[in-house]
Amino acid sequence: MSGRLEAPARAPRAEAGYPSVVPFRDAQTYTSAPLARGALLRRYPLHEGPAGPFAPGGDKVIAAPTAHGFELRVTRSGMRSWRLYDLPLPDVAVVLTARGTGSTLRLGVCARRFSVGSVDLGYCGSFRPGLGLARIEAFAGTHLAPVTQWRPSTQAQAAGEWNEIELRASGDVLVMLINGVVEHIARDASFGRGVPAVEIQGDSGDAAVLAEVAVYDVD
């Protein structure tokens with residue numbers, strides 16, 4: 001692994017009384033990418049209709065198939081996620097092609113998502129298309145610990161335009177890319193198991209279209 005090591009950014013610890021199963025760690029950001037996409041493992045072309053775990057319908061976030069992909073409409077503040085249980089691999093690259101609008105909309109590509117009781121844990125590459133911001137997060141239930149800080153993406157297209165959001169995970173290395181360009185690189189060893197996932201979070205009026213999800217091995 002090469003690249004100049006920048007000052008470590010300390011992630012906040014879990015809130016008082018939170019399950020001790022959440023060992024959030026310090027993050028260190030690098031300036032060069034140590035991971036590359038490997039072989040394609042699975043592709044979900046959502047513009048062709050429901051595929052794999054991606055089912056239409058919903059409550060707070062309603063999904064409807066269209067010619068462009070899964071159209072998602074947020075009717076009440078909330079979140080919806082799809083886990084790829086058929087790929088129980090901790091070291092993967094998860095790629096989402098999507099577009100969205102809304103100042104609170106967050107599109108996420110996740111790795112190592114798993115549950116302890118009713119608490120979901122894992123890593124997420126989170127992108128806010130309405131603001132052009134991106135960061136890597138570790139999450140446990142509703143508690144988010146930023147592994148990297150929000151910052152403007154250098155490659156993001158304008159709100160409503162198509163963007164490719166990617167998170168690569170291997171060992172303790174996490175890499176987030178927007179449209180094929182590295183935006184964040186960090187190291188964190190909090191979670192070592194789980195499955196890939198995709199999620200959307202927002203408030204009433206936010207909207208998105210998911211065109212395709214692909215999962216790759218990492219080299």
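The values are calculated or read from the model by the stated rules, or taken from the named source; none is laboratory data. Please read all numbers here as calculations on a predicted model, not as lab measurements. Reconstructed Cβ throughout: ideal geometry from the backbone, glycine too, with neighbour counts over all protein chains shown.
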Thr29 passes all but one of (1) over 22 Å from Ala214 (Cα atoms); (2) polar (S, T, N, Q); (3) at pLDDT 90 or above; which number fails? (3)
Conditions (1) in a loop (DSSP other than H, G, I, E, B); (2) modelled with pLDDT of 50 or more; number of the one not met by Val22: (2)
Filter region 136-165 down to the residues that are buried (at least 22 other Cβ atoms within 10 Å of the Cβ), at pLDDT 95 or above and farther than 17 Å from Gln201 by Cα and list them by number. none
Filter region 117-131 for residues that are under 10 Å from the mean Cα position of the chain (by Cα) and small (Gly, Ala, Ser); the one that is surrounded by the fewest Cβ atoms within 10 Å (Cβ to Cβ) is Ser126
Residue that is farthest from Arg187 (Cα to Cα), among those in region 142-165 that are outside any strand (DSSP E or B), in contact with a Ser or Thr (Cβ under 8 Å, 6 or more places away or on another chain) and not aliphatic (A, V, I, L, M): Gly160
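Every residue, every condition in (1) within 23 Å of Asp206 (Cβ to Cβ); (2) buried (at least 16 other Cβ atoms within 10 Å of the Cβ), yes or no:
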| site | (1), (2) |
| --- | --- |
| Arg37 | no, yes |
| Ala67 | yes, no |
| Glu71 | yes, yes |
| Met79 | yes, no |
| Val95 | yes, yes |
Among the residues of region 42-57, how many are assigned to a strand (DSSP E or B) and surrounded by 15 or more Cβ atoms within 10 Å (Cβ to Cβ)? 4
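Condition check ((1) in a strand (DSSP E or B); (2) more than 16 Å from Val94 (Cα to Cα); (3) within 14 Å of the chain's Cα centre (by Cα)) across all residues:
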| residue | (1), (2), (3) |
| --- | --- |
| Leu167 | yes, no, yes |
| Ala189 | no, yes, no |
| Arg193 | no, no, no |
| Glu199 | yes, no, yes |
| Ser204 | no, yes, no |
Subset of region 59-78 (residues that are under 20 Å from the mean Cα position of the chain (by Cα) and not acidic (Asp, Glu)): Lys60, Val61, Ile62, Ala63, Gly69, Phe70, Leu72, Arg73, Val74, Ser77, Gly78
Any idea how many residues of region 96-119 are outside any loop (DSSP other than H, G, I, E, B) and without any contact (Cβ under 8 Å) to a residue 60 or more places away in the chain? 1
Flagged in region 58-84 as in a strand (DSSP E or B), more than 18 Å from Glu212 (Cα to Cα) and out of contact with any strand residue (DSSP E or B) (no Cβ under 7 Å at 6 or more places or on another chain), in numbering order, are none
